[in-house]
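Accompanying notes for the structure given below.
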Amino acid sequence: MQLPNAEQLLVELTEKMRPDVATNIALVGIYTGGVWLAERLHQDLGITLPLGVLDSSFYRDDFDQIGLHSQVRSSNIPFKVDGSHIILIDDVLFTGRTIRAATNELFDHGRPASIRLAALIDRGGRELPIAINYVGTTIVLSEDKMLALERNKNGKLNLSLYDRVNRNSE
Amino acid sequence: MNNNPQLNRDGELQHLLTTEGLPISILLKILDTAESFVGVTERDIKKVPLLRGKSIFNLFFEPSTRTRTTFEIAAKRLSADVVNLDVAASSQSKGETMLDTVNNLSAMHADMFIVRHSQSGAAHLIARHVKPGIHVINAGDGRHAHPTQALLDMFTIRRYKKDFHSLRVAIIGDILHSRVARSQIHALTTLGVPEVRVITPKTLLSNKVERLGVQVYHDMAQGLKDVDVLLMLRLQNERMLGARLPSAEEYFKYYGLTQEKLALASQDAIVLHPGPMNRGVEIDSAVADGKQSVILSQVTFGIAVRMAVMTILMGN
Amino acid sequence: MKIHIKNGHLIDPKNGIDVIKDVFIAAGKVVAIGAEPSNFKASRVIDAKGLLVFPGLVDLSVRLREPGFEYKATLESEMKAAVAGGITSLACPPDTDPPLDEPGLVEMLKHRAKSLNQAHVYPIGALTQGLKGERLTEMAELHDAGCVVFGQSDAPFINTRVMMQAMQYAATFGFSVWLRPQDVSLANSGVAHDGEVATRLGLPAIPVCAETIALSTIILMARETGARVHLCRISSAEGVSMIRAAKKDGLTITCDVAVNHIHLSEMDIGFFDSNCHLVPPLRSLSDRDALRIGLMDGTIDAICSDHTPVDEDAKLLPFGESEAGSTGLELLLSLVLKWSLEMKIPLISALAAITTEPAKILGIDVGHLSLGAIADLCIFDPNQYWNVEATVLRSQGKNTPFLGIELQGKVKYTLVNGSIVYEN
């Protein structure tokens with residue numbers, strides 16, 4: 001299967017988001033791919049509020065099935081969440097469970113005025129009522145595939161497709 | 001029975017009973033996970049929903065409000081339900097055995113027991129008899145082990161000193177009776193600290209302790225030379241009752257940590273103490289409150305480390 | 001009843017017999033070895049082909065737990081266990097409740113044991129009243145009631161003068177005094193050997209000097225008083241060399257070791273296995289090796305089971321709170337065989353330590369199969385393996401460090417006074 005070019009998609013996503021950029025907009029990237037994207041978007045869109053990063057492991061609903069993810073990173077929200085307008089950034093939107101966990105975590109930092117969602121790819125397969133506001137592209141993938149964003153040592157992003165070992169690994 | 005009773009067949013941590021024999025990968029995982037929880041404990045809402053609906057029993061056969069509270073806070077920050085049982089005061093006096101108590105509580109669908117007991121090996125015994133799926137954390141058993149205390153000490157050391165491989169660490173005080181010291185020694189040697197010293201009078205030393213990988217000193221001036229980390233131990237008052245020590249005053253004079261003695265260690269040495277401190281016995285107030293003391297950080301990190309241990313156990 | 005045991009490999013340490021020979025028993029005695037006597041009409045013929053035939057074992061320390069501790073074990077259960085282990089004579093320590101310190105108790109015990117018609121029971125009388133180490137018992141009266149020797153079991157003498165007087169008084173009548181060397185204040189509340197394992201596990205420790213200091217006191221006092229002293233349950237290398245030296249100096253003392261201690265060390269405690277909580281404590285590997293050598297060179301005379309049945313509840317406690325002791329009657333023989341195989345000692349020498357030697361120490365005429373001897377004997381299959389499991393032990397005590405271990409050698413028949421009291 002021919003995968004889209006990640007760098008190209010990022011350019012498209014940036015342009016879709018640009019009209020909505022305002023001084024009160026804050027970006028929060030979800031580890032790991034979402035943080036890479038958020039770092040680029042933060043710079044390219046000239047966002048003034050500092051960039052937030054989230055690891056939603058502590059809020060996931062699959063802890064009872066698979067335990068804690070092997071490498072949990074610290075979340076860091078360096079701006080005031082109360083009353084903020086946040087755009088959550090993820091690499092691939094799938095079931096929506098990660099977004100649910102991330103949203104819950106954000107609320108433990110305060111009460112945002114609004115939360116929007118941006119992702120490089122929407123691959124369908126939603127299991128929760130989650131809608132996306134900004135998306136690079138939409139592709140349809142069978143359930144047993146895993147789509148992953150990777151970053152090479154030059155900082156270039158690209159997409160890879162894997163056979164899914166574990167239904168819960170995304 | 002002689003293989004490591006804390007690990008399951010896949011080598012995952014099932015119970016935390018001692019730091020002895022734990023692979024370095026598990027120690028590091030606990031420390032790394034604790035780093036993430038430090039972030040949580042610094043927020044306004046210091047709570048995550050990880051262990052929502054889990055029942056954690058604080059089973060304290062030996063009273064210790066302080067330790068119990070740190071576990072309680074950690075559990076609550078993970079959204080678990082916590083039940084505190086001061087068993088010393090209740091069922092034991094009615095003739096119920098320790099394992100009876102544990103079985104009764106298991107029937108109430110406990111997910112985890114935090115056990116403190118005055119006898120070495122109590123947590124091992126409970127871990128051997130709980131149903132599969134129930135986890136046991138040793139919160140101190142006799143003179144044997146206090147693994148979460150040692151882990152929070154390791155966490156604190158790593159925060160301030162980064163690399164374990166270039167450190168000289170001295171443990172100072174009552175080695176003979178100290179479960180903290182035993183757990184520290186195993187954790188330090190596993191994490192690759194090349195030189196662990198113990199400094200103590202001969203009456204407070206445990207026979208063949210050098211087999212655990214430590215060097216024994218009886219003189220503070222020699223023992224503290226070039227030391228990067230000082231792990232102070234609490235000296236129980238009852239040690240003065242028998243013939244182990246003549247007086248608190250003499251102990252303080254020769255083994256109490258003063259600014260003067262601290263100056264013998266490395267310039268940037270840090271001082272840790274598991275608390276509660278006996279000021280003027282094992283440590284001088286000027287040191288305890290001084291700028292090389294990281295004692296209050298230990299308390300803060302203690303919550304994060306206990307959250308990490310609980311989370312890792314419950315996830316396995 | 002006349003019994004003909006044929007084709008068996010007869011081992012009799014006292015008479016130096018180690019050959020395939022038939023044994024003929026009549027009226028409770030050994031009447032012939034080898035050729036069948038004329039007019040011998042066996043009412044029972046036992047084919048012992050491939051089996052070993054040797055004197056019934058003499059065990060120097062068996063706690064029958066009666067009176068006072070019937071919830072741990074009863075005379076019935078333990079006497080059955082004894083013959084199942086090939087033991088036909090046993091000495092029981094005075095640490096019952098109440099202790100064996102008055103003739104009535106001893107007579108009762110002897111009577112109860114006799115009515116069971118199993119192994120011969122030899123009560124060890126208490127040296128001091130209530131084993132408190134303060135006032136002497138009526139030793140002569142106790143002797144008349146059936147006590148063959150006198151001891152303190154694990155109870156200490158607080159006062160060395162009382163100890164000396166007890167030895168002098170016993171020496172007056174020629175009674176043997178049995179003592180386990182342990183300095184009570186040095187042992188303090190220790191539960192494990194003062195070594196690497198106690199340090200690792202944080203267990204209160206008993207130093208070797210608790211044994212050796214008491215031992216030197218006993219040796220000096222034995223010299224001073226002329227009392228016949230038997231030293232019970234030696235545990236340390238240093239202790240063995242002190243006894244070796246004392247024997248070399250001409251002191252007539254004897255000494256035993258518990259069978260667990262010639263196999264195990266502190267390492268076997270592992271992670272707080274309360275079945276390894278024993279008295280005296282399991283010591284280091286080098287101590288264990290010294291005990292093995294002490295047995296081979298005759299410094300240690302006998303091996304005993306030190307049978308101490310403990311109820312399950314008393315073992316299901318943290319190590320330090322658990323009750324010390326292990327069941328041993330049914331393991332003694334297999335463990336002695338294991339030791340002889342490991343050390344490449346001829347079985348005839350190994351068996352001496354559980355037959356002739358302990359009989360000599362007790363001063364009783366058993367433990368051999370001379371013509372006319374009491375027909376106490378054991379027929380044993382050295383090639384049968386068995387697993388030590390709670391369900392196969394007849395003793396009410398299921399506590400042993402060897403639980404779950406496979407052992408070699410099984411008793412097939414045990415005879416006491418010429419009658420078959422155990423058959424498997």
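A short reminder: the numbers here are calculations on the coordinates, not readings from a lab. All figures in this text were calculated on a predicted structure; none of them were measured in a lab. With ideal geometry, Cβ positions are generated from the backbone for all residues, glycine too; neighbour counts draw on all protein chains shown.
To the nearest Å, what is the center-to-center distance of the range C:92-127 and the range B:169-184, using C-alpha atoms only?
Cα centroid to Cα centroid, the span is 49 Å.
Using a cut-off of under 20 Å, list every residue of the range A:81-109 whose amide N is near the label point 7 Å from the Cα of A:Leu3 along the Cα-to-beta-carbon line.
Backbone N within reach: A:89-96, A:98.
Assign unit charges at the C-beta atoms only (+1 for Lys and Arg, -1 for Asp and Glu), then state the dipole size of the protein assembly as shown relative to its Cα centre in Debye, rounded to the nearest 20.
In debye, rounded to 20, the protein assembly as shown gives about 680.
Among C:Leu369, C:Ile234, C:Cys147, whose Cα projects farthest towards the positive end of the dipole of the protein assembly as shown, with charges put on the beta-carbon of Lys, Arg (+1) and Asp, Glu (-1)?
Highest projection toward the positive end goes to C:Ile234.
Could you tell me what percent of the DSSP beta bridges with both partners in the protein assembly as shown are antiparallel, to the nearest 5?
Within the protein assembly as shown, antiparallel bridges account for around 30 percent of the total.
Would you calculate a helix-derived [θ] at 222 nm for chain B, using -39,500 (n - 2.57) for each DSSP H run of n ≥ 4 and dividing by the full residue count, to the nearest 500?
Using -39500 (n - 2.57) per qualifying helix, the result is -11000 deg cm²/dmol.
Please compute the net charge surrounding C:Ala27, taking Lys and Arg as +1 and Asp and Glu as -1 over other residues with Cβ under 15 Å from its Cβ.
Overall, the nearby charge balance is +3.
Summing -39500 (n - 2.57) over the DSSP H runs of n ≥ 4 in chain A and dividing by its residue number, what mean residue ellipticity at 222 nm do you reach, to the nearest 500 deg cm²/dmol?
-7000 deg cm²/dmol
Suppose every Lys and Arg Cβ carries +1 and every Asp and Glu Cβ carries -1, with no other charges. What dipole size does chain B come out with about its Cα centre, to the nearest 20 debye?
For this selection, approximately 320 debye.
What does the charge dipole of chain A about its Cα centre add up to, to the nearest 20 debye, if the Cβ of each Lys and Arg holds +1 and the Cβ of each Asp and Glu holds -1?
Value, rounded to 20: 220 debye.
For a Förster distance of 41 Å, can you work out the FRET efficiency between the beta-carbons of C:Glu36 and C:Met108, rounded to the nearest 0.05?
Plugging the Cβ-Cβ distance into 1/(1 + (r/R0)^6) gives 0.45.
Based on DSSP, what percent of beta bridges with both residues in chain C are antiparallel, to the nearest 5?
Taking every DSSP beta bridge with both residues in chain C, the antiparallel ones total about 45 percent.
Taking chain C as a Gaussian network, where each spring joins two C-alpha atoms under 10 Å apart, which residue of C:Gly270, C:Gly328, C:Gly298 fluctuates the most?
Residue with maximal mean-square fluctuation among C:Gly270, C:Gly328, C:Gly298: C:Gly270.
Over the range C:56-362, what is the mean sequence separation of C-alpha contacts under 8 Å (at least six apart), divided by residue count, expressed as relative contact order in percent?
So the answer I get is 17 percent.
If you average the C-alpha positions of the range C:344-423 and of the range B:19-63 separately, how far apart do those two centres end up, in angstrom?
The two parts, judged by their Cα centres, are 55 Å apart.
Where in chain C is the longest stretch that carries no GluC sites (Glu not before Pro) classed as loop by DSSP and with at most 15 other Cβ atoms within 10 Å?
With GluC sites (Glu not before Pro) excluded where exposed in loops, chain C gives C:139-388 as its longest stretch.
How high is the relative contact order of chain B, in percent, with contacts defined as C-alpha pairs under 8 Å that are six or more residues apart?
20
Express in whole angstrom the spacing between the alpha-carbon centres of the range C:21-39 and the range C:173-195.
45
So which aspartates and glutamates can B:Lys76 reach, going by Cα to Cα under 17 Å and dropping same-chain residues fewer than 8 places off?
A:Glu105, A:Asp108, B:Glu42, B:Asp44, B:Asp111
Specify the angular offset, from 0 to 90 degrees and rounded to the nearest 10, of the alpha carbon long axis of helix C:103-116 from the longest principal axis of the alpha carbons in chain C.
On a 0 to 90 degree scale, this one is about 30.
Could you work out the relative contact order of the range A:6-169, using alpha carbon pairs under 8 angstrom and six or more residues apart, expressed as a whole percent?
Relative CO of the range A:6-169 lands at 23 percent.
Using amide H atoms built 1.01 Å from N in the peptide plane, name the residues 5+ places from C:Gly133, or on other chains, whose amide H lies under 5 Å from its own.
C:Thr128
What is the sum of charges around C:Glu141, taking Lys and Arg as +1, Asp and Glu as -1, for the other residues whose C-beta is under 15 Å from the C-beta of C:Glu141?
-3
Across the range C:56-362, how many lysine pairs, 8 or more apart or on two chains, come within less than 27 Å at their alpha-carbon atoms?
Number of lysine pairs found: 21.
So for the protein assembly as shown, taking the charge dipole from beta-carbon charges (+1 Lys/Arg, -1 Asp/Glu), which of B:Leu28, B:Pro276, C:Leu332 sits furthest toward the positive end?
Farthest towards the positive end: B:Leu28.
Counting helices only, and only those DSSP H runs with n ≥ 4, report the 222 nm mean residue ellipticity of chain C as the sum of -39,500 (n - 2.57) divided by its residues, in deg cm²/dmol to the nearest 500.
-8500 deg cm²/dmol
How many Å³ per residue does the convex hull of the Cα positions in the protein assembly as shown occupy?
Per residue, the Cα convex hull of the protein assembly as shown comes to 205 Å³.
Using each residue's phi in the range A:136-142, evaluate 6.51 cos²θ - 1.76 cosθ + 1.60 at θ = phi - 60° and report the 3J(HN,Hα) Karplus result to the nearest Hz, with x for Gly and Pro.
x, 7, 10, 9, 9, 10, 6
Mean Kyte-Doolittle of at least -0.5 and a Cα length of 15 Å or more along the axis: which whole DSSP H helices of chain B meet both?
B:24-41, B:147-161, B:179-190, B:295-315
Name the residue, out of B:Leu231, B:Leu125, B:Leu85, whose mean-square fluctuation peaks in a Gaussian network model built on chain B with Cα pairs under 10 Å.
Of the options given, B:Leu125 has the highest mean-square fluctuation.
Whose amide H sits under 5 Å from the amide H of B:Ile114, counting only residues 5 or more places off or on another chain, with H placed in the peptide plane?
B:Phe57, B:Asn58, B:Leu59, B:Ile137
For an R0 of 51 angstrom, estimate the FRET efficiency from the Cβ-Cβ distance between B:Asp226 and C:Gln129 and round to the nearest 0.05.
The calculated FRET efficiency here is 0.25.
Could you tally the net charge around B:Ala269, taking each other residue with its Cβ under 10 Å from the Cβ of B:Ala269, Lys/Arg +1 and Asp/Glu -1?
That works out to -1.
Taking 30 Å as R0, compute the FRET efficiency from the Cβ-Cβ separation of B:Glu260 and B:Val216 and round it to 0.05.
Result of the calculation: an efficiency of 0.85.
Mind checking which of B:Ile45, B:Ile270, B:Ile56 has the largest fluctuation in a GNM of chain B, springs on alpha carbons under 10 Å?
B:Ile45
For a quick check of your reading of the filter: which chymotrypsin sites (Phe, Trp or Tyr not before Pro) in the range C:69-152 sit in a DSSP loop and have no more than 13 other Cβ atoms within 10 Å?
Those satisfying the criteria are C:Tyr71.
On C-alpha positions alone, give me the angle between the axis of helix C:208-225 and the longest principal axis of chain C, in degrees, nearest 10.
Between the helix axis and the principal axis of chain C, the angle is about 80 degrees.
Using the alpha-carbon atoms, what tilt in degrees (0 to 90, nearest 10) does helix C:332-343 show relative to the longest principal axis of chain C?
With both axes taken from Cα atoms, the answer is about 80 degrees.
Aspartates and glutamates within cross-link reach of C:Lys412: Cα-Cα under 16 Å, excluding same-chain residues under 8 positions apart?
C:Asp47, C:Glu330, C:Asp376, C:Asp381, C:Glu423
Out of every Cα pair in chain C, what percent are spaced more than 38 Å from each other?
Value for chain C (Cα pairs over 38 Å): 16 percent.
Between C:Leu220 and C:Tyr71, 0.36 nm times their residue separation minus their Cα-Cα distance comes to what?
Computed gain between C:Leu220 and C:Tyr71 is 49.6 nm.
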